[in-house]
Amino acid sequence: MNEERLRRDLAELADEVTMVDLRERSLRMSRRLGIQRALASSVAVLVVVGAITGAAVAVRPHPDGPAPLPADTPSPPVSVTPNVPVLSSSAVALRAGQLGRIVYGPLDVTDRTVLETDQQTTVPADLWSWQPGVAPSRLLSLPEVAAVANATVSPDGRRIAWVEMDDNGVWGLVVANADGSDKSWMVSQVNHLCLAPTWSPDSRRLLFWENLPDVGPGRYGVLDTATKTVRWWSGDRNRGGCYAAWSADGGTIAMHTSDFTITLYDVTGRKLREVPDHGGFGAWLCFAVVSASPDGSRLAVVRFATGDDGPGKGPGDLPGQNLWANALIDSRTGKEITLPLGGRELLQVFFRADGSMVVRVRSGHGTVLLLIDKAGRPVGEVGEPTELTAMQIVGVTG
Amino acid sequence: MDFLVSEFDSFVRSRTSALLRSAYLLTGDQHLAEDLVQSALARTHRAWSRLHDSGNAEAYTRKTMYHLQVSWWRRRRVPESMPGVLPEPRGGDPVPDHAQQTALRFTLRAALAKLSAKQRAVLVLRFFEDRTEAQTAELLGVTVGTVKSQTARALARLRTVAPELAELYASEGATR
């Protein structure tokens with residue numbers, strides 16, 4: 001074959017393309033990619049600081065709590081020098097059962113290009129469960145990308161949902177029991193980086209985003225895991241929504257939507273309202289909705305002041321599921337609600353069905369979990385085991 | 001304006017045209033090409049703070065673009081987004097007129113659509129971007145041997161799916 005002629009014809013064929021300005025579109029997509037990376041860097045820094053200080057563990061198990069598991073119980077594979085979580089001097093120590101079970105996943109993938117090129121490797125990663133006074137226990141093993149980027153636990157703690165790639169390169173929504181048994185492939189062509197499967201409060205349904213990259217915006221659907229049937233949301237497909245939270249009363253799904261707004265929907269996808277002052281010309285850019293109060297009136301979010309994003313600014317450059325929160329806001333006014341953190345840095349917030357919150361803060365060289373009641377008053381706190389400080393909390397159950 | 005932002009803007013303005021041309025050959029579709037370049041640029045933007053000093057931004061963007069294309073192609077399962085029907089070859093006139101040239105482009109586009117994403121990527125890198133086999137291998141994350149075999153398979157496939165194209169190229173080659 002005449003290669004010169006092939007070269008010339010390829011060049012002529014390439015001339016058919018119409019030039020367009022992709023700057024704005026690229027920046028918008030970059031911001032969305034940044035969503036799952038925001039704030040994760042703060043925990044990475046925590047690990048480094050802990051490693052430098054080389055201090056001892058200070059988890060404060062309650063004397064009435066259950067006995068630790070046998071010594072041969074495997075531990076999370078995070079190897080860092082122990083940190084010291086500093087508890088508030090007036091804090092009441094939390095007992096097993098008060099916080100429910102906390103489920104942890106890894107913070108980062110082994111090879112970042114896997115995320116950047118929408119791939120999946122054979123590297124496995126584990127999810128872990130912990131409650132105060134009890135040693136962490138392994139739940140199940142997932143493909144690493146799923147464990148880092150999209151695994152979620154049902155509110156009753158019994159099941160895990162995630163998105164993984166099959167042998168044909170198709171991403172699909174998978175559900176299994178929390179110990180990995182009864183694994184079932186539910187739906188194909190599901191987004192795996194933007195919208196993690198979001199559980200309904202009854203632990204039966206899952207909001208997900210169908211992802212067909214070459215046919216325009218995909219659909220949002222609510223899957224009934226018992227019947228494997230999907231009710232598709234109607235209306236505007238181009239919500240650009242990522243990172244949703246489903247309120248415990250079942251009536252509100254709060255979602256970060258395009259242009260950094262926060263939109264509240266009902267379970268059918270009907271728009272209820274937007275949170276003021278976020279996105280567009282507002283003062284704040286929302287990058288993710290992490291958790292919603294039982295009635296949807298309060299939202300844990302990650303947000304940045306308008307203009308505070310772009311290369312080297314705003315969200316960090318580490319992956320993770322972006323379950324990190326830096327503000328609790330009123331969904332009607334958009335104003336921040338102050339939490340009693342004792343001057344410590346907020347890392348994660350998870351609402352429980354009774355309106356109380358499990359709040360993770362950075363404290364000293366470790367991390368501490370606070371229980372705050374629905375009126376906003378502190379109930380107690382407990383330091384996290386050292387091996388969990390470098391992981392992300394992916395859910396709070398029970 | 002922030003220096004890094006300005007630098008990234010400059011990169012986008014200067015390189016989008018070249019990236020789109022390659023993306024168009026990879027996808028055969030204007031909108032898919034835009035999506036591909038946009039996705040690659042977005043990832044470049046995320047990594048800009050570590051890329052701008054190294055001067056490897058374009059290599060990173062292209063590498064991302066080629067990997068994404070292969071990944072998307074696998075996911076779609078239906079590889080042909082381009083028209084798959086080959087036009088009848090025009091005979092006679094040895095000097096291609098405008099209509100003939102248009103038909104030829106259509107034939108080539110349809111023939112490219114018959115290749116796998118990796119074969120198409122190899123052809124674009126080797127014969128459009130004029131990359132060496134080693135450069136192509138590095139960009140695609142495969143061995144030089146794979147590049148050689150994929151190139152051979154891609155050219156053979158072109159000959160099979162568009163014999164009139166092969167005939168034309170062969171006859172032109174013979175006259176030179």
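A search for C-beta distances below 7 Å between a residue of the range B:113-138 that is away from chain A (no Cβ under 13 Å) and any residue that is open to solvent by less than 10 Å² (accessible area, probe 1.4 Å), counting only pairs 6+ apart in sequence or on different chains, returns B:Gln119/B:Ala154; B:Glu133/B:Val147; B:Thr136/B:Val122; B:Thr136/B:Leu125; B:Thr136/B:Val147; B:Ala137/B:Val147.
Going through (1) at pLDDT 70 or above; (2) open to solvent by less than 30 Å² (accessible area, probe 1.4 Å); (3) at the interface with chain A (Cβ under 7 Å from one of its Cβ atoms) one by one, B:Arg62 falls short only on (3).
The set of residues from the range B:108-140 being more than 17 Å from B:Ala59 (Cβ to Cβ) and open to solvent by 10 Å² or more (accessible area, probe 1.4 Å) comprises B:Arg109, B:Lys114, B:Ser116, B:Lys118, B:Gln119. Selection of the range B:13-42 for residues being open to solvent by less than 10 Å² (accessible area, probe 1.4 Å), without any contact (Cβ under 8 Å) to a residue 60 or more places away in the chain and among the small types (Gly, Ala, Ser) yields B:Ala23, B:Ala33, B:Ser39, B:Ala40, B:Ala42. Considering only residues in the range A:137-169 that are polar (S, T, N, Q) and open to solvent by less than 10 Å² (accessible area, probe 1.4 Å), the one that is modelled with the lowest pLDDT turns out to be A:Asn150. Screening A:Leu207, A:Leu195 for residues that are buried (at least 21 other Cβ atoms within 10 Å of the Cβ) and assigned to a strand (DSSP E or B) leaves exactly one candidate, A:Leu207.
Cβ-Cβ distances below 8 Å connect the following pairs, each with a first residue in the range A:166-182 that is on the phi > 0 side of the Ramachandran plot and facing chain B (nearest Cβ under 10 Å), a second residue that is surrounded by 17 or more Cβ atoms within 10 Å (Cβ to Cβ) and at pLDDT below 95, and a separation of six or more residues or different chains: A:Gly169/B:Ser71; A:Gly169/B:Arg74; A:Gly169/B:Arg75.
Return the total of residues in the range A:76-110 being among the small types (Gly, Ala, Ser), at pLDDT 65 or above, more than 19 Å from the chain's Cα centre (by Cα) and part of a loop (DSSP other than H, G, I, E, B). Full working, then the answer.
Our first condition is that a residue be among the small types (Gly, Ala, Ser); within the range A:76-110, this holds for A:79, A:88-91, A:93, A:96-97, A:100, A:105.
After this cut, where a residue has to be at pLDDT 65 or above as well, the list is A:88-91, A:93, A:96-97, A:100, A:105.
Then drop every residue that is not more than 19 Å from the chain's Cα centre (by Cα), which leaves A:88-91, A:93, A:96-97.
Retained after the next criterion (residues that are part of a loop (DSSP other than H, G, I, E, B)): A:88-91, A:96-97.
Selection size over the range A:76-110: 6.
Every residue in the range A:357-384 that is open to solvent by 10 Å² or more (accessible area, probe 1.4 Å) and assigned to a loop (DSSP other than H, G, I, E, B), please. Across the range A:357-384, the qualifying residues are A:His365, A:Asp373, A:Lys374, A:Ala375, A:Gly376, A:Arg377.
Test A:Ala353 against the criterion of being of a type in the set (Gly, Ala, Ser) and at pLDDT 95 or above, and give yes or no. Before you say what the answer is, go through the steps one by one.
On the way: of a type in the set (Gly, Ala, Ser): yes; at pLDDT 95 or above: yes.
In short, yes.
Counting only residues that are touching a helix residue (DSSP H, G or I) at 6+ places or on another chain (Cβ under 8 Å) and open to solvent by less than 50 Å² (accessible area, probe 1.4 Å), which one in the range B:93-107 is modelled with the lowest pLDDT? That would be B:Gln101. Each residue in the range A:121-136 was checked for being assigned to a strand (DSSP E or B) and crowded, with 16+ Cβ neighbours inside 10 Å, and 6 of them qualify. Note on the range A:265-295: residues that are part of a loop (DSSP other than H, G, I, E, B), surrounded by fewer than 23 Cβ atoms within 10 Å (Cβ to Cβ) and modelled with pLDDT of 85 or more total 9. Using the structure shown, decide if A:Arg303 is assigned to a strand (DSSP E or B), modelled with pLDDT under 95 and on the phi < 0 side of the Ramachandran plot. So A:Arg303 passes the test.
Checking the condition open to solvent by 20 Å² or more (accessible area, probe 1.4 Å) and either of a type in the set (Lys, Arg) or modelled with pLDDT of 90 or more (or both), which residue from A:Gly343, A:Gly314 passes? Break it down stepwise before answering.
Details: A:Gly314 fails: either of a type in the set (Lys, Arg) or modelled with pLDDT of 90 or more (or both).
Among A:Gly343, A:Gly314, only A:Gly343 is open to solvent by 20 Å² or more (accessible area, probe 1.4 Å) and either of a type in the set (Lys, Arg) or modelled with pLDDT of 90 or more (or both).
The values are calculated or read from the model by the stated rules, or taken from the named source; none is laboratory data. Being a predicted model, the structure only gives us computed values, none of them experimental. Here the Cβ is made from the backbone with ideal geometry for all residues, glycine too, and neighbour counts use every protein chain on show. We work out accessible area using only protein heavy atoms, side chains counted, and drop any ligands, DNA or RNA first. Shrake-Rupley method; radii C 1.70, N 1.55, O 1.52, S 1.80 Å.
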